[in-house]
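The values are calculated or read from the model by the stated rules, or taken from the named source; none is laboratory data. Everything numeric here is computed off the predicted structure, so don't read it as measured data. A quick note on method: Cβ atoms are made from the backbone with ideal geometry, for glycine too, and the neighbour counts reach across all protein chains shown.
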Amino acid sequence: MINTKRQLAAIDLGSNSFHMVVARLENNQPLTIDAIKEMVRLAAGLDERNFISEQKMEEALACLSRFGQRIKDLPAENVSAVGTMTLRKARNSCSFLARAEKALGFPINIVAGQEEARLVYQGVAHSMVQTETNRLVIDIGGGSTEFIIGKAYNPIMMESLNMGCVNFTNQWFETGEITKKRVKNAILSARRKLEWISGEYLNEGWQECIGSSGTIKNLSKILSENYQANGIIDYQNLHKLSEFFISAGHINDIALPGLSEKRAPVIIGGLCVLMGAFEELQIESMQASEGALREGLLNDMIETAQGHDIRLDTITNLELRYRLDIAQSGRISHTALQMYDQLGLDETSNLRLLLIWASKLHEIGLSISHNNYPRHGGYIIEQSDLPGFSREMQNTLGLMVRLQRGKLHMKLIEESPRCDTDIVVIIILLRLAINLERSRDWDTSRHVKIKLKEKTFKVVFPSGYLDSHPLTKADLTQEKQEIARAGYKLKFN
């Protein structure tokens, strides 16, 4: 729960720029009091094997250290920091994040493409006057572009495509030379990436088109200062701008009013992405928005503080979509939480939430097959689009469902990047709760007490309970061997 009397900070580790917005709450709305942006161009540091170079990491860490100095006095719950496309793609992102969190002084989560799109839409929607008509939001970043159709504050369709101003510039204008053929091929490439979603988006339709983030905002400024566009982006002026860039001949020779000096090296890639979007989605005109991903992060923190956690909506939607046995998951969740609380674990920890969510979703794999459904369930959770979840939390939730029964494969836990070391205890509690609720009905005669001391779980049942429940006793006897794989012991009366 955020401290509403303190400032809030949202940090976006983008593929082109790192942004930080600091705001204070006024009438439950964020009022920006400080905004810092640095052109780190993290995507440009990826080599052919998708490793971020040490030099680029040092530049990024120096930036985050400066961000950290500004917000060092804020409580952790008032800060939300996320990484996007480049950190999703980089093979050494985990080692970088460990150093990055130390430099910033706060946790950093990597968000999936769909979650990035949702946050972008929230940032845009909360910065505009609300209408009851559809709007298309396009956000061109350094490594990806998000396309969202939504109404008011609710996204309807969301997609994140692997094309941005940095990677398109590197791919199509690597030498810096700008020719008519290169521009044409880059635009066609953008259209090809959009082709598989364009039909669905055009069928849904929209009444206004909004662009967000630096590339589109800078293009809007260029068009206004050179072609009297008055804040309107249209294809005719974008085409004129592309012809100007072609006549310049080289990235280093681009110079015109409104063009940001820091954005000039990658503006041609962003322009081609936007022109491809205009062509493939048949966009007539667009306006730029001040809201973007970081404003979406601020809004999420505020809504969570007000009692609306988007992740709860996601879990509920999964329960309904896969027709899960809510009564059974409720029993398991209740038993698991009773044991969690008896152990005196942190009530505010994400581990408690993960235990609840894993309990609710533990049978999701039954939608595929009864055979080895925990593995199927883990896969569904790991591969689904889960609004509100960071990639790490989503992977951890999938791991818990995968390990709910059968062999407790410690190798999977050890190989899980950035997995909380206490997750083993939470997985054991989930497994015990599932065993205890195997009968699928409330057993009021059982009042389980549990303790954990020196890596030994001691479970105490009412006198005679296990003698009258031989199946439970057999399950727990088998569970002893599995818990031992994790370096723990299980004792029960």
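When every residue of segment 251-267 is checked against the conditions, none turns out to be polar (S, T, N, Q) and surrounded by 16 or more Cβ atoms within 10 Å (Cβ to Cβ). The set of residues in segment 58-76 being out of contact with any strand residue (DSSP E or B) (no Cβ under 6 Å at 6 or more places or on another chain) and within 14 Å of SER15 (Cβ to Cβ) consists of GLU59, ALA60. Filtered by the rule that a residue be over 28 Å from the mean Cα position of the chain (by Cα) and either crowded, with 23+ Cβ neighbours inside 10 Å or charged (D, E, K, R) (or both), segment 406-433 gives LYS407, LEU432, ALA433. Taken as a whole, the structure leaves ILE283 outside the set of residues that are assigned to a helix (DSSP H, G or I), modelled with pLDDT of 95 or more and not aromatic (Phe, Trp, Tyr). Scanning segment 188-227 for residues that are touching a helix residue (DSSP H, G or I) at 6+ places or on another chain (Cβ under 9 Å) and more than 19 Å from THR145 (Cα to Cα) returns ILE222, LEU223, ASN226, TYR227.
Pairing each residue of segment 49-78 that is in the same structural domain as ARG91 (by TED's automatic domain parsing) and without any contact (Cβ under 8 Å) to a residue 40 or more places away in the chain with any residue that is in a loop (DSSP other than H, G, I, E, B) and of a type in the set (D, E, K, R), provided the two are 6+ apart or on different chains, yields C-beta distances under 8 Å for SER53/ASP47; LYS56/ARG41.
Among residues of segment 407-423 that are basic (Lys, Arg), those with a Cβ under 6 angstrom from a residue that is surrounded by 15 or more Cβ atoms within 10 Å (Cβ to Cβ) and at pLDDT 85 or above, sequence gap 6+ or separate chain, pair up as ARG418/GLU392. Residue count for segment 85-109, restricted to those that are under 16 Å from the mean Cα position of the chain (by Cα), more than 21 Å from ASN350 (Cα to Cα) and among the polar types (S, T, N, Q): 2. Within segment 30-63, the set of residues being of a type in the set (Val, Ile, Thr) and either surrounded by 20 or more Cβ atoms within 10 Å (Cβ to Cβ) or touching a helix residue (DSSP H, G or I) at 6+ places or on another chain (Cβ under 6 Å) (or both) comprises VAL40, ILE52. Cβ-Cβ contacts under 7 Å between residues 6 or more apart (or on different chains), taken from a first residue in segment 107-125 that is farther than 23 Å from ALA76 by Cβ and free of Cβ contacts under 8 Å to residues at least 60 places away in the same chain to a second residue that is among the small types (Gly, Ala, Ser) and crowded, with 24+ Cβ neighbours inside 10 Å, are listed as GLY113/SER144; GLY113/SER160; ALA117/SER160.
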